[in-house]
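Note sheet for the following structure.
Please treat every number below as a calculation from the coordinates, not as lab data. Keep in mind that what you see is a predicted model, and the values were worked out from it rather than measured. So basically every Cβ, Gly included, is an ideal-geometry build from the backbone, and we count neighbours across all protein chains shown.
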Amino acid sequence: MQKWISKPPPWLEIRKIEDCTNLHLKTLDLGEQTAIVLAEAEQADLLIIDDALGRKVVLSRGLKITGLLGVLQEANRQDIVNLPDVISRLEKTTFRVSPKLLQFLLKAPPEK
């Protein structure tokens, strides 16, 4: 990862967050705190976050969220990825998700 970020692709914009000491975010790790502060500063349309506590905090602040599975579902809808293949690969990692949710995603017709 350090090698990749040492020469970031041209589409990647790196921003420095000056102050991440918001007391309401102290229960979250620094990455989640920074993502929320940046999303609020940029008035982001959507924040990608999977951590349950982080999602609760983000929703309480009025931001819209999705998680990795939401991103993959949208990529599948746009024919960028094959959702069953990607989920099969995810299941071989440490990614944790409810089997019922995976079944629902795999059975749901893609919204077009």
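Across segment 51-63, computed HN-Hα scalar couplings (Karplus, 6.51 cos²θ - 1.76 cosθ + 1.60, θ = phi - 60°) run 4, 4, 5, x, 4, 4, 5, 4, 4, 5, 9, x, 8 Hz from first to last residue, x flagging Gly and Pro.
All distinct Cα pairs of segment 23-86 go into the 1/r average, and the inverse of that average, the Kirkwood radius, is 12.6 Å. Which cross-chain or sequence-distant (5 or more) residues have an amide H under 5 Å from the amide H of L47, H modelled 1.01 Å from N in plane? Answer set, sorted by chain and number: K64, I65, T66. All Cα-Cα separations within the chain were binned at 5 Å from zero, giving a P(r) of 2, 9, 17, 17, 18, 19, 12, 5, 1, each value a whole percent of the pairs. Taking the Cα centre of the chain as reference, the dipole from Cβ charges on Lys and Arg (+1) and Asp and Glu (-1) amounts to some 340 debye. Restricting attention to the chain, lysine pairs at least eight places apart or on different chains and with alpha-carbon atoms under 25 angstrom apart total 15. Relative contact order for the chain: 16 percent, from Cα pairs under 8 Å spaced at least 6 residues apart, divided by residue count.
Return the calculated 222 nm mean residue ellipticity for the chain, to the nearest 500 deg cm²/dmol, obtained by summing -39500 (n - 2.57) across DSSP H runs with n ≥ 4 and dividing by the residue count. Numbers along the way, then the final one.
Working: 6 runs with 53 residues, N = 112.
Theoretical 222 nm ellipticity from helices: -13500 deg cm²/dmol.
For the chain, the longest principal axis of the C-alpha atoms and the axis of helix 30-41 are separated by about 80°.
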